1. What is the calculated FRET efficiency for A:Asn207 to B:His139, with r their C-beta to C-beta distance and R₀ = 51 Å, to the nearest 0.05?
2. Enumerate the residues in the stretch A:1-18 having an amide nitrogen under 20 Å from the point lying 7 Å beyond the Cα of A:Asp56 toward its Cβ.
3. Kindly rank A:126-138, A:176-188 from highest to lowest mean number of other beta carbons found within 10 Å of each residue.
4. I'd like the Karplus ³J(HN,Hα) series for the stretch A:17-29: coefficients 6.51, -1.76, 1.60, θ = phi - 60°, whole numbers in Hz, and an x wherever there's a Gly or Pro.
5. After finding the eigenvalues of the alpha carbon gyration tensor for the stretch A:183-317, what semi-axes result from the square roots of 5 times each, listed largest first in whole Å?
6. So, counting K/R as plus one and D/E as minus one, what does the shell of residues with Cβ under 11 Å around A:Val87 add up to?
7. Using alpha carbons only, how many degrees (0 to 90, rounded to 10) separate the axis of helix B:113-127 from the longest principal axis of chain B?
8. Using θ = phi - 60° and the Karplus relation 6.51 cos²θ - 1.76 cosθ + 1.60, list the HN-Hα couplings for the stretch A:45-52 in order, rounded to whole Hz, with x at every Gly or Pro.
Amino acid sequence: MDKPKIAFYWCASCGGCEEATVDLAEKILDVVNLVDIVFWPVAMDYKVEDVEKLPDGSITASFINGGVRLSEHEEMVKLLRRKSKLVIAYGACSSWGGIPGLANLYSREEILRYVYHEAPTVENPQKIQPQLRIKAEEGITLELPEFLPRLLPLDLVVDVDYYVPGCPPTPEVTWKAIETLLSGNLPAKGSVLGALDKSLCYDCPLNETKPEKVLIKEIKRPHEVIADPTKCLLIQGLVCLGPVTRGGCGALCIKAAMPCTGCFGPLDEVIDYGGKAISYFASIVDYSDEQEIEKTLGKILDPMGIFYRYSLPASRLRGKITIAER
Amino acid sequence: MSKDFEPRIVVFACNWCSYAALDLAGTSRMKYPPNFLVIRVMCSGRVDPQFILEAFRRGADGVLVAGCHPGDCHYIEGNIKALRRMTLLKRVLEEFGIEKERFRLEWISASEAEKFVRVANEMLEKIKPLGPLKVEEVHMHG
């Protein structure tokens with residue numbers, strides 16, 4: 001019998017998700033025993049035309065990481081959607097936009113202007129900027145993919161069957177997700193694979209030290225304090241997003257005394273991760289006076305970067321709303 | 001902006017104070033603009049920032065959250081929780097490109113029908129020149 005076919009692809013991502021797949025270590029050999037990998041640009045030499053030649057729906061599952069930012073990403077994920085029975089948004093960027101998604105606070109023109117002309121480290125006297133099409137000297141036309149007006153999470157471009165969360169997903173989460181897929185006992189469409197359906201606090205070794213009612217007088221930034229690794233980080237004043245973030249990561253950051261930044265994303269039924277995080281975090285600031293509240297919360301210098309770090313393109317408003325839409 | 005622009009403004013009014021004030025405005029036959037869509041909630045502390053973001057996404061040009069005055073909350077400190085949340089939310093809304101005139105948190109007691117009418121008129125006056133808020137759904141399906 002033919003082994004199930006699996007494809008991996010990357011869009012606007014850092015490569016960490018690919019790294020995470022390799023971090024399965026010797027388990028990757030089990031994966032290879034169980035499935036045929038038919039496409040994986042970062043590790044194998046299959047070409048796009050090899051995918052095009054496959055019959056529609058013949059790939060069992062495509063794992064796609066990164067958000068959709070280039071026309072090339074759009075074409076590739078649409079091709080993989082057509083060729084696959086299941087499409088899995090792998091990692092935070094693919095699921096909700098991730099760090100590159102914070103670029104949705106700026107227009108495409110602002111980004112290109114800054115990156116090619118205004119950034120302090122850029123020297124570009126000829127004002128060269130990428131073009132969609134140029135005529136090279138030899139009479140050939142060269143083409144580049146289009147930089148789209150916005151970054152979109154995968155499910156705004158193609159139908160997505162499952163999500164695997166994390167920045168990047170841990171090897172444990174990846175392995176659990178693969179096991180679930182191969183078990184044949186598939187969960188409901190749209191489910192998150194490999195993680196918990198409870199918040200990180202349930203999974204956190206410091207949960208016992210978290211009081212029933214968390215209240216803080218002062219917010220501290222991670223570099224300002226040497227956190228006590230045996231005490232709930234929230235009560236030490238650190239912005240830990242554990243209470244509103246899906247568990248399943250094994251509390252890796254907490255074990256290193258760093259607060260949760262929310263890379264496992266929202267729990268079921270949360271429609272806007274940042275809104276939920278703001279709701280929780282603001283409510284534990286232990287002042288009633290307007291000025292005191294403002295002053296204390298003022299310690300959060302970049303609320304967008306803290307609360308929407310991984311999810312701006314999937315938020316209710318998708319990004320800065322004055323940007324011209326496509 | 002066209003003079004015909006009639007903003008749609010969503011009001012989240014707490015059951016115990018502000019919703020009663022709106023009722024009072026009605027029964028006292030006070031006039032206020034018809035641009036306000038009122039949603040009764042049990043407490044301003046029940047207003048999750050997600051509700052406000054969803055309202056803007058679904059076409060609200062402004063949002064007003066109205067609750068009991070500090071100290072008067074039926075649930076002791078729900079309104080203080082709202083104050084904390086909205087203080088932080090306001091900063092994020094501005095980063096989203098939503099002008100600060102479009103969002104307001106006000107304490108309106110059950111007897112302050114006049115205050116509601118004043119706040120409503122002020123909001124409308126400030127939002128009209130801004131024009132409609134356009135949050136378009138972006139996707140590439142199909």
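1. Working: r = 39 Å, r/R0 = 0.76.
My answer for the efficiency is 0.85.
2. Of the residues in the stretch A:1-18, A:5-7 have backbone N under 20 Å from the label point off A:Asp56.
3. By packing density, highest mean first, the sequence is A:176-188, A:126-138.
4. 3J(HN,Hα) across the stretch A:17-29, in whole Hz: 5, 5, 4, 5, 5, 5, 5, 4, 6, 5, 5, 4, 5.
5. Working: eigenvalues 142, 68, 31 Å².
Semi-axes from the Cα gyration tensor: 27, 18, 12 Å.
6. On the way: positive: A:Lys78, A:Arg81, A:Arg82, A:Lys83, A:Lys85, A:Lys189; negative: A:Asp155, A:Asp159, A:Asp161.
Here the charged neighbours net out to +3.
7. For B:113-127 against chain B, the angle is about 10 degrees.
8. Result, rounded to whole Hz: 9, 7, 9, 4, 5, 5, 5, 4.
Values quoted throughout were computed directly from the atomic coordinates according to the rules given, and no laboratory measurement underlies them. No experiment lies behind these values; they were computed from the predicted model shown. All Cβ positions, glycine included, derive from the backbone under ideal geometry; neighbour counts span all protein chains shown.
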